[in-house]
1. Using the Kirkwood radius over C-alpha pairs as Rh, can you work out the diffusion coefficient of the stretch A:58-198 via Stokes-Einstein at 4 °C, viscosity 1.567 mPa s, in µm² per second?
2. Label-point separation (nm) for residue B:7 and residue A:106, each offset 7 Å from Cα along Cα-to-Cβ?
3. Work out which helices of chain A, taken as complete DSSP H runs, extend at least 18 Å along their axis over the Cα atoms and score a mean Kyte-Doolittle of -1.0 or more, then list them.
4. What is the mean number of Cβ atoms from other protein chains located within 10 Å of the Cβ atom of each residue in peptide A:229-242, rounded to a whole number?
5. Tell me the relative contact order for chain B as a rounded percent, counting alpha carbon contacts under 8 Å between residues six or more apart.
6. Pairs to check: A:25/A:320; A:3/A:322; A:181/A:339. Give those whose C-alpha atoms are more than 19 Å from each other in this structure.
7. For all pairs of alpha-carbon atoms in the stretch B:54-127, what percent lies in each bin of width 10 Å, listed from the first bin to the last filled one?
8. Express as a percent, rounded to the nearest 5, the fraction of DSSP beta bridges in the protein assembly as shown (both residues included) that run antiparallel.
Amino acid sequence: MTKFGEMPDRTGRDLFADAGESAIKDAGIDREEIDALYVGNFMGELSERQGHMGPLMAKMLGLDVPATRVESACASGGMAVRQGIHAIRAGSADVVLVGGVERMHNMGTTGATGGLSVAADDLWEIKHGITFPGAYALMAQRYFATHGGDREDLAEVAVKNHANAANNPLAQYQSEITVEKVLDAFPVADPLGLFDASPITDGAAAALLVSEDYAAEHDLDAAVSIAGTGQGTDDLALQHRDSLTWTPATADAAEEAYTDAGIDAEDVDFLEVHDCFTIAEVLALEGLGLYDPGEAITAAREGETTADGELPVNLSGGLKAKGHPVGATGVAQITEMTKLFRGDHVNSDAVENAEVGLTHNAGGTVASAVVHVLEVEA
Amino acid sequence: MSEEVRDDGYDDFMDALEEGDPYYIECANGHASLPPRRLCPECASDDLEEAALPETGELLTYNVTHVPTPAFADDVPFVLGIAEFGDVRLTGQIRAESEDVEVGESVSIGTDVSETNGERYIAFDLA
């Protein structure tokens, strides 16, 4: 992945080429071996009047292969990964480049807020004033009313993820914060403040996927395997859900991915989850079956999900502190987890003996969710 | 999009709401949804009818929005909520001070217009 951060002058195509070239070099595979390209991107039309990124990004990387853009709001990157897996499993490709990119800072805060909002329902949400911070604030308020918990519990999630990013050179924020700082921050959409929210981020990420046969035939050191993939879909509009605090798309994606990998939730050693807002990490841990509904709100505060906890969550810094270039996020979860497993991530020591990792990438108010299970051999 | 172009179904609903006669869509199996619909989103029944929306709803959740989309740039801060009217849930802005709003309160439904661009939106009042 590229460095994540504030780079308003860098075009989406340049960011993607940067990440793609890094991925190809890291894998040590000749670019002629690549059979297909999938590009995750959410709002190129709005940020730089650029759609149709498949062909564009293929040529930016000197590739002459079938190239397709994948859009599922903030889950675009994870869905691009899933398309790559499908292509390999279907036997139509042996080597696939998957990636994602988003340029956001050139839109400004109000512009980016408006751009992101189109992942919601235009007729029944956007026209009435909903924003994404606002939508997650509605979920947080309902969570507090239904299960208890408060802003301080959520602040602990932000503090944890900032601590994880503090030494990650690719993260947007490499600084620790305090609970007080989170609680005193400007209220974006009360009860969520500025430090409950992931930032506006420019960046790209890419990964090279190969089939098992290809890895064996070419004697590749593919240390990490994607053992399971799953996807879930829910009503687009938050208001149409039976529950405002339970995310069936996450639960469905997890169930499919666990079955695909032949594991149970208890087998997961560490995770990268979609913490676009602090409450989102709580809802993800519950939807993934790692905590009962109403129980994950205290996980960060109790130290269960910190780097030295039983179940480290978002060792990369998460969306919250690593940054959230929306179309790139789902791919960055895969590349960061790969480095965590391989031992060349700044936080690798926290997962030295881990064998099973999980990535969870969500779109909108979790109307889309995609889960991947990553494994290494002990 | 040109101002004269309507969103059929949605704008019909908003017209009815403005006239104090809001409705929802009910299928033959009793599932509720909002227009436009050709099929019930729950059971795909194509036997759909309009039914009167209850006059008061229960506020399920709310926020106080400070950072808006461009369409509400001059409207912030505002209180936004989701309220349940029978089997139908709607998102709208609550015309009240945030200190007076609590989850579980009764609200009535109507329309208001954005101070930013004059577009109408769903508004709730504490009942």
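Values in this text are rule-based calculations from the coordinates and carry no lab data. Note that the structure is a prediction, hence the values are computed from the model and not measured. Note that each Cβ is placed from the backbone with ideal geometry, even for glycine, and that neighbours are counted across all protein chains shown.
1. Numbers: Rh = 18.2 Å.
It diffuses with D of about 71 µm²/s by this estimate.
2. 2.8 nm
3. Details: long enough: A:12-27 (23 Å, -0.36); A:76-89 (20 Å, 0.07); A:132-147 (22 Å, 0.12); A:151-165 (21 Å, -0.65); A:248-261 (19 Å, -0.54); A:326-342 (25 Å, 0.39).
TM-like helix candidates: A:12-27, A:76-89, A:132-147, A:151-165, A:248-261, A:326-342.
4. Details: counts 0, 0, 0, 0, 0, 0, 1, 0, 5, 4, 12, 8, 2, 1.
Other-chain Cβ atoms within 10 Å of each residue's Cβ, averaged: 2.
5. Values: 250 pairs, mean separation 26.0, N = 127.
Rounded, it is 20 percent for chain B.
6. Values: A:25/A:320 28 Å; A:3/A:322 9 Å; A:181/A:339 30 Å.
Beyond 19 Å between Cα atoms: A:25/A:320; A:181/A:339.
7. 21, 54, 24, 1
8. Numbers: 61 of 77 bridges.
Here the share of antiparallel DSSP bridges comes out near 80 percent.
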